[in-house]
Amino acid sequence: MQQHCCFLSKCTLYLYCSRVIKSDEEIEVMRYVNRISGEAHKEVMKMMKPGHMEYEGEATFKHYSYMKGGMRFVGYTCICASGENNAVLHYGHAGEPNDKLVKDGDLLLFDMGSEYAGYTADVTLSYPANGKFTEKQKFVYQTCLDANLKVQSELKPGVSWTDMHRLAEEVIIKKFMEKGLLHNGTLEDMKKAHLGAIFMPHGLGHLIGLDVHDVGGYLPGKPDRVLEPGIKYLRTARILQKGMVLTVEPGVYFNDALLEAAGRDQNVAKYINWDAIKDYRGMGGVRIEDGVVITESGCELLSNNVPRTVKDIEDFMAQYRP
(Lines give C-alpha, C1' and ligand atoms only; values in the text may rest on other atoms or scores of the structure.)
Protein backbone atom coordinates (compact mmCIF):
# COMPACT_ATOMS: atom_id res chain seq x y z
CA MET A 1 0.00 0.00 0.00
CA GLN A 2 2.81 2.38 0.92
CA GLN A 3 4.65 1.58 -2.34
CA HIS A 4 1.42 2.15 -4.27
CA CYS A 5 0.93 5.60 -2.68
CA CYS A 6 4.56 6.48 -3.33
CA PHE A 7 4.14 5.52 -6.99
CA LEU A 8 1.01 7.69 -7.29
CA SER A 9 2.77 10.61 -5.62
CA LYS A 10 5.67 10.38 -8.08
CA CYS A 11 3.27 10.15 -11.03
CA THR A 12 1.38 13.19 -9.76
CA LEU A 13 4.62 15.13 -9.36
CA TYR A 14 5.77 14.25 -12.88
CA LEU A 15 2.37 15.20 -14.27
CA TYR A 16 2.39 18.54 -12.48
CA CYS A 17 5.92 19.30 -13.70
CA SER A 18 4.93 18.49 -17.29
CA ARG A 19 2.04 20.97 -17.12
CA VAL A 20 4.15 23.90 -15.94
CA ILE A 21 6.15 24.20 -19.18
CA LYS A 22 3.98 24.38 -22.29
CA SER A 23 4.90 22.86 -25.65
CA ASP A 24 4.76 24.90 -28.86
CA GLU A 25 1.50 23.16 -29.75
CA GLU A 26 -0.05 24.00 -26.39
CA ILE A 27 0.99 27.63 -26.73
CA GLU A 28 -0.61 27.80 -30.17
CA VAL A 29 -3.92 26.59 -28.71
CA MET A 30 -3.63 29.19 -25.96
CA ARG A 31 -3.02 31.93 -28.54
CA TYR A 32 -6.28 30.92 -30.19
CA VAL A 33 -8.34 30.75 -27.01
CA ASN A 34 -7.02 34.15 -25.93
CA ARG A 35 -7.80 35.67 -29.33
CA ILE A 36 -11.40 34.47 -29.27
CA SER A 37 -11.78 35.51 -25.63
CA GLY A 38 -10.56 38.99 -26.52
CA GLU A 39 -13.02 39.30 -29.38
CA ALA A 40 -15.81 38.09 -27.11
CA HIS A 41 -14.88 40.73 -24.53
CA LYS A 42 -15.12 43.39 -27.24
CA GLU A 43 -18.60 42.17 -28.18
CA VAL A 44 -19.57 42.72 -24.54
CA MET A 45 -18.06 46.22 -24.60
CA LYS A 46 -20.18 47.06 -27.66
CA MET A 47 -23.49 46.21 -26.02
CA MET A 48 -23.01 46.81 -22.29
CA LYS A 49 -24.56 50.13 -21.24
CA PRO A 50 -26.36 51.52 -18.19
CA GLY A 51 -29.73 49.81 -17.87
CA HIS A 52 -28.45 46.35 -18.76
CA MET A 53 -28.06 43.55 -16.24
CA GLU A 54 -24.59 42.25 -15.43
CA TYR A 55 -25.56 38.76 -16.61
CA GLU A 56 -26.20 40.09 -20.12
CA GLY A 57 -22.44 40.55 -20.40
CA GLU A 58 -21.89 36.92 -19.42
CA ALA A 59 -24.50 35.72 -21.93
CA THR A 60 -22.97 37.78 -24.75
CA PHE A 61 -19.46 36.51 -24.00
CA LYS A 62 -20.52 32.85 -23.98
CA HIS A 63 -22.60 33.25 -27.13
CA TYR A 64 -19.75 34.81 -29.12
CA SER A 65 -17.18 32.29 -27.88
CA TYR A 66 -19.29 29.36 -29.01
CA MET A 67 -20.69 30.81 -32.22
CA LYS A 68 -17.42 32.29 -33.53
CA GLY A 69 -14.79 30.17 -31.80
CA GLY A 70 -16.40 26.76 -31.33
CA MET A 71 -15.84 27.09 -27.58
CA ARG A 72 -18.70 25.39 -25.82
CA PHE A 73 -17.40 26.07 -22.33
CA VAL A 74 -15.74 28.81 -20.32
CA GLY A 75 -12.77 28.04 -18.10
CA TYR A 76 -14.39 29.32 -14.88
CA THR A 77 -17.48 31.10 -13.60
CA CYS A 78 -17.78 34.45 -15.35
CA ILE A 79 -17.23 37.51 -13.15
CA CYS A 80 -19.36 40.38 -14.45
CA ALA A 81 -19.19 43.00 -11.73
CA SER A 82 -20.31 46.61 -11.73
CA GLY A 83 -19.90 49.46 -9.26
CA GLU A 84 -19.15 48.37 -5.71
CA ASN A 85 -19.31 44.71 -6.77
CA ASN A 86 -15.92 45.17 -8.46
CA ALA A 87 -14.29 44.97 -5.04
CA VAL A 88 -15.58 41.40 -4.56
CA LEU A 89 -12.79 39.27 -6.03
CA HIS A 90 -14.80 36.23 -7.13
CA TYR A 91 -18.15 37.89 -7.65
CA GLY A 92 -20.49 35.99 -9.97
CA HIS A 93 -20.87 32.86 -7.84
CA ALA A 94 -24.24 31.28 -7.03
CA GLY A 95 -24.85 33.67 -4.14
CA GLU A 96 -24.16 36.75 -6.29
CA PRO A 97 -24.88 35.53 -9.84
CA ASN A 98 -24.06 38.67 -11.85
CA ASP A 99 -27.56 39.98 -11.13
CA LYS A 100 -27.11 43.71 -10.49
CA LEU A 101 -28.54 46.42 -12.73
CA VAL A 102 -25.72 48.41 -14.32
CA LYS A 103 -26.04 52.13 -13.54
CA ASP A 104 -24.74 55.25 -15.23
CA GLY A 105 -21.34 56.08 -13.75
CA ASP A 106 -20.52 52.48 -12.86
CA LEU A 107 -17.17 50.96 -13.67
CA LEU A 108 -17.43 47.44 -15.03
CA LEU A 109 -14.96 44.68 -14.15
CA PHE A 110 -15.51 41.69 -16.44
CA ASP A 111 -13.27 38.67 -15.87
CA MET A 112 -14.05 35.93 -18.40
CA GLY A 113 -12.13 33.32 -20.36
CA SER A 114 -13.18 30.81 -22.99
CA GLU A 115 -11.98 27.20 -23.06
CA TYR A 116 -10.87 25.23 -26.11
CA ALA A 117 -9.50 21.68 -26.28
CA GLY A 118 -9.22 21.79 -22.50
CA TYR A 119 -7.11 24.97 -22.40
CA THR A 120 -8.50 28.17 -20.95
CA ALA A 121 -7.90 31.88 -21.21
CA ASP A 122 -8.28 34.24 -18.24
CA VAL A 123 -8.77 37.85 -19.30
CA THR A 124 -10.12 40.81 -17.32
CA LEU A 125 -11.21 44.16 -18.71
CA SER A 126 -12.32 47.17 -16.66
CA TYR A 127 -14.13 50.09 -18.28
CA PRO A 128 -16.92 52.62 -17.68
CA ALA A 129 -20.45 51.48 -18.50
CA ASN A 130 -21.24 54.80 -20.18
CA GLY A 131 -18.02 54.81 -22.21
CA LYS A 132 -16.31 57.72 -20.42
CA PHE A 133 -14.00 57.56 -17.42
CA THR A 134 -14.40 60.14 -14.68
CA GLU A 135 -11.14 61.71 -13.52
CA LYS A 136 -11.03 59.51 -10.42
CA GLN A 137 -11.82 56.38 -12.41
CA LYS A 138 -9.13 57.35 -14.90
CA PHE A 139 -6.54 57.69 -12.11
CA VAL A 140 -7.38 54.29 -10.63
CA TYR A 141 -7.38 52.63 -14.04
CA GLN A 142 -4.07 54.18 -15.06
CA THR A 143 -2.50 53.14 -11.76
CA CYS A 144 -3.51 49.53 -12.41
CA LEU A 145 -2.37 49.65 -16.04
CA ASP A 146 1.02 51.10 -15.02
CA ALA A 147 1.49 48.18 -12.62
CA ASN A 148 0.50 45.67 -15.30
CA LEU A 149 2.83 47.11 -17.93
CA LYS A 150 5.74 47.51 -15.52
CA VAL A 151 5.53 43.86 -14.55
CA GLN A 152 5.30 42.74 -18.18
CA SER A 153 8.41 44.76 -19.01
CA GLU A 154 10.42 42.85 -16.39
CA LEU A 155 9.30 39.31 -17.21
CA LYS A 156 11.91 36.85 -18.46
CA PRO A 157 13.50 33.56 -17.40
CA GLY A 158 15.24 33.76 -14.03
CA VAL A 159 12.91 36.39 -12.57
CA SER A 160 11.21 35.67 -9.23
CA TRP A 161 7.41 35.78 -9.38
CA THR A 162 7.26 37.03 -5.80
CA ASP A 163 9.50 39.95 -6.82
CA MET A 164 6.99 40.77 -9.55
CA HIS A 165 4.16 40.85 -7.03
CA ARG A 166 6.15 43.25 -4.87
CA LEU A 167 6.89 45.37 -7.94
CA ALA A 168 3.17 45.71 -8.74
CA GLU A 169 2.43 46.75 -5.15
CA GLU A 170 5.25 49.29 -5.28
CA VAL A 171 3.85 50.92 -8.43
CA ILE A 172 0.42 51.22 -6.80
CA ILE A 173 1.79 52.66 -3.56
CA LYS A 174 3.90 55.23 -5.44
CA LYS A 175 0.93 56.40 -7.50
CA PHE A 176 -1.22 56.69 -4.37
CA MET A 177 1.50 58.72 -2.67
CA GLU A 178 1.75 61.06 -5.66
CA LYS A 179 -2.04 61.53 -5.60
CA GLY A 180 -2.09 62.19 -1.86
CA LEU A 181 -4.13 59.10 -0.99
CA LEU A 182 -1.21 57.85 1.11
CA HIS A 183 0.95 60.17 3.20
CA ASN A 184 2.96 60.61 6.42
CA GLY A 185 5.67 58.14 5.47
CA THR A 186 8.18 56.92 2.93
CA LEU A 187 7.72 54.24 0.31
CA GLU A 188 9.74 51.85 2.47
CA ASP A 189 7.56 52.63 5.51
CA MET A 190 4.44 51.75 3.56
CA LYS A 191 5.90 48.60 2.07
CA LYS A 192 6.82 47.39 5.57
CA ALA A 193 3.28 48.12 6.75
CA HIS A 194 1.93 46.10 3.78
CA LEU A 195 -0.20 48.95 2.42
CA GLY A 196 -0.24 47.23 -0.94
CA ALA A 197 -2.28 44.33 0.45
CA ILE A 198 -5.12 46.68 1.41
CA PHE A 199 -5.60 47.90 -2.13
CA MET A 200 -4.51 44.70 -3.96
CA PRO A 201 -5.68 41.86 -1.69
CA HIS A 202 -4.77 39.03 -4.05
CA GLY A 203 -1.79 37.58 -5.85
CA LEU A 204 -0.35 39.13 -9.00
CA GLY A 205 -1.23 36.11 -11.11
CA HIS A 206 -1.02 32.36 -11.56
CA LEU A 207 -0.02 29.56 -13.88
CA ILE A 208 -2.70 28.77 -16.47
CA GLY A 209 -3.33 26.02 -18.98
CA LEU A 210 -5.53 22.94 -18.59
CA ASP A 211 -6.97 24.63 -15.53
CA VAL A 212 -7.48 28.32 -14.92
CA HIS A 213 -5.34 28.02 -11.79
CA ASP A 214 -3.03 25.40 -13.19
CA VAL A 215 -1.00 22.97 -11.11
CA GLY A 216 2.69 23.16 -10.24
CA GLY A 217 2.73 26.38 -8.29
CA TYR A 218 4.28 24.93 -5.13
CA LEU A 219 6.29 21.77 -5.68
CA PRO A 220 9.10 20.10 -3.69
CA GLY A 221 12.39 21.87 -4.24
CA LYS A 222 10.71 25.06 -5.44
CA PRO A 223 10.29 28.35 -3.52
CA ASP A 224 7.84 28.20 -0.63
CA ARG A 225 4.84 30.45 -0.16
CA VAL A 226 5.68 33.81 1.44
CA LEU A 227 3.40 34.22 4.45
CA GLU A 228 2.94 37.99 4.39
CA PRO A 229 -0.24 40.03 3.78
CA GLY A 230 -1.22 40.11 0.13
CA ILE A 231 1.70 38.12 -1.26
CA LYS A 232 0.57 35.03 0.66
CA TYR A 233 -2.26 34.71 -1.88
CA LEU A 234 0.16 34.11 -4.75
CA ARG A 235 -0.59 30.73 -6.33
CA THR A 236 3.09 30.25 -7.15
CA ALA A 237 6.41 31.65 -5.97
CA ARG A 238 8.45 30.06 -8.72
CA ILE A 239 11.39 31.41 -10.68
CA LEU A 240 10.19 32.00 -14.23
CA GLN A 241 11.21 29.63 -17.01
CA LYS A 242 10.78 29.71 -20.76
CA GLY A 243 7.46 28.12 -21.73
CA MET A 244 5.57 29.03 -18.58
CA VAL A 245 2.18 30.62 -19.20
CA LEU A 246 0.89 32.91 -16.47
CA THR A 247 -1.58 35.69 -15.88
CA VAL A 248 -0.52 39.22 -14.97
CA GLU A 249 -3.46 40.70 -13.08
CA PRO A 250 -2.77 43.58 -10.72
CA GLY A 251 -5.84 45.16 -9.20
CA VAL A 252 -6.70 48.36 -7.34
CA TYR A 253 -9.76 48.13 -5.10
CA PHE A 254 -11.58 50.14 -2.46
CA ASN A 255 -13.05 47.37 -0.35
CA ASP A 256 -14.98 48.72 2.62
CA ALA A 257 -14.24 45.73 4.87
CA LEU A 258 -10.49 45.98 4.26
CA LEU A 259 -10.48 49.76 4.68
CA GLU A 260 -12.41 49.54 7.94
CA ALA A 261 -9.95 46.94 9.24
CA ALA A 262 -7.05 49.19 8.19
CA GLY A 263 -8.63 52.06 10.09
CA ARG A 264 -8.51 50.02 13.29
CA ASP A 265 -4.79 49.30 12.89
CA GLN A 266 -2.80 52.39 13.81
CA ASN A 267 0.34 50.96 12.22
CA VAL A 268 -1.50 51.17 8.91
CA ALA A 269 -4.15 53.86 9.41
CA LYS A 270 -1.58 56.63 9.93
CA TYR A 271 -0.46 56.33 6.31
CA ILE A 272 -3.92 56.59 4.74
CA ASN A 273 -5.36 60.01 3.91
CA TRP A 274 -8.90 59.22 4.96
CA ASP A 275 -10.33 62.52 3.73
CA ALA A 276 -8.99 61.85 0.24
CA ILE A 277 -9.79 58.14 0.13
CA LYS A 278 -13.48 58.62 0.95
CA ASP A 279 -14.08 60.03 -2.53
CA TYR A 280 -13.03 56.69 -4.05
CA ARG A 281 -15.10 54.41 -1.85
CA GLY A 282 -18.08 52.96 -3.67
CA MET A 283 -16.16 52.86 -6.94
CA GLY A 284 -15.34 49.19 -6.39
CA GLY A 285 -12.09 48.91 -8.24
CA VAL A 286 -10.17 47.90 -11.34
CA ARG A 287 -8.38 44.74 -12.44
CA ILE A 288 -6.42 44.39 -15.69
CA GLU A 289 -5.55 40.79 -16.47
CA ASP A 290 -3.48 39.47 -19.34
CA GLY A 291 -2.09 36.09 -20.28
CA VAL A 292 1.63 35.90 -21.09
CA VAL A 293 4.10 33.26 -22.25
CA ILE A 294 7.65 33.48 -20.91
CA THR A 295 10.07 33.52 -23.86
CA GLU A 296 13.87 33.31 -24.05
CA SER A 297 14.34 37.01 -23.37
CA GLY A 298 11.01 38.38 -22.18
CA CYS A 299 7.35 37.53 -22.62
CA GLU A 300 4.72 37.26 -25.32
CA LEU A 301 1.37 38.91 -24.64
CA LEU A 302 -1.44 36.47 -25.48
CA SER A 303 -4.40 38.79 -24.78
CA ASN A 304 -3.16 41.32 -27.32
CA ASN A 305 -6.39 42.19 -29.12
CA VAL A 306 -8.30 44.14 -26.46
CA PRO A 307 -8.20 47.92 -25.86
CA ARG A 308 -6.11 48.73 -22.79
CA THR A 309 -5.33 52.45 -22.63
CA VAL A 310 -7.94 54.95 -21.46
CA LYS A 311 -8.02 56.51 -24.92
CA ASP A 312 -8.33 53.19 -26.72
CA ILE A 313 -11.21 52.11 -24.46
CA GLU A 314 -13.11 55.39 -24.84
CA ASP A 315 -12.54 55.50 -28.62
CA PHE A 316 -13.69 51.90 -29.04
CA MET A 317 -16.84 52.35 -26.96
CA ALA A 318 -17.70 55.66 -28.64
CA GLN A 319 -18.22 53.79 -31.91
CA TYR A 320 -21.19 51.94 -30.41
CA ARG A 321 -22.88 54.76 -28.53
CA PRO A 322 -25.02 57.60 -29.88
Wholly inside region 14-125, strands (runs of 3 or more DSSP E) that include 3 or more residues that are among the aliphatic types (A, V, I, L, M) are 107-112
The listed residue being crowded, with 21+ Cβ neighbours inside 10 Å and more than 26 Å from residue 163 (Cβ to Cβ), out of 313, 272
313
Please go through region 281-310 and pick out each residue that is hydroxyl-bearing (Ser, Thr, Tyr) and surrounded by 21 or more Cβ atoms within 10 Å (Cβ to Cβ).
303
Condition (residue is at pLDDT 95 or above, more than 30 Å from residue 297 (Cβ to Cβ) and open to solvent by 20 Å² or more (accessible area, probe 1.4 Å)) applied to region 242-255: is it met by at least one residue?
yes
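Return the residues of region 219-241 that are within 22 Å of residue 286 (Cα to Cα), among the charged types (D, E, K, R) and surrounded by 15 or more Cβ atoms within 10 Å (Cβ to Cβ); say none if nothing qualifies.
235
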Mind listing whichever residues of region 154-163 are in contact (Cβ under 8 Å) with a residue 60 or more places away in the chain, part of a helix (DSSP H, G or I) and open to solvent by 10 Å² or more (accessible area, probe 1.4 Å)?
162
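Scan region 128-149 for residues that are of a type in the set (Lys, Arg) and under 21 Å from residue 181 (Cα atoms) and report the count. Working first, answer last.
Within region 128-149, the first condition is being of a type in the set (Lys, Arg), and the residues that meet it are 132, 136, 138.
Filter once more, keeping what is under 21 Å from residue 181 (Cα atoms): 136, 138.
Result for region 128-149: 2.
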Pairs, please: C-beta under 7 Å, at least 6 apart or cross-chain, first residue within 20 Å of residue 235 (Cβ to Cβ) and in region 10-25, second open to solvent by 60 Å² or more (accessible area, probe 1.4 Å)?
19/210; 21/241
Here the qualifying pairs (Cβ atoms under 6 Å; residues six or more apart or on different chains; first in region 112-133 and open to solvent by less than 10 Å² (accessible area, probe 1.4 Å); second modelled with pLDDT under 95) come out as 131/321
Spot the failing condition for residue 91; the list is (1) touching an Asp or Glu at 6+ places or on another chain (Cβ under 8 Å); (2) open to solvent by less than 10 Å² (accessible area, probe 1.4 Å), and only one is missed.
(1)
Exclusive hit being in contact with a Pro (Cβ under 6 Å, 6 or more places away or on another chain) and among the β-branched types (Val, Ile, Thr), set 74, 102, 123
102
Among the listed residues 227, 302, which satisfies the condition of being over 21 Å from residue 44 (Cβ atoms) and aliphatic (A, V, I, L, M)?
227
Are any residues in region 175-203 of a type in the set (S, T, N, Q) and surrounded by 14 or more Cβ atoms within 10 Å (Cβ to Cβ), and if so, which ones?
none
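The values are calculated or read from the model by the stated rules, or taken from the named source; none is laboratory data. From a predicted model like this one, the values you see are computed outputs, not experimental measurements. For neighbour counting, all protein chains shown are included, and Cβ atoms are generated from backbone atoms with ideal geometry for every residue, glycine included. Surface areas here come from the heavy atoms of the whole protein model, side chains and all, with no ligands, DNA or RNA. Shrake-Rupley method; radii C 1.70, N 1.55, O 1.52, S 1.80 Å.
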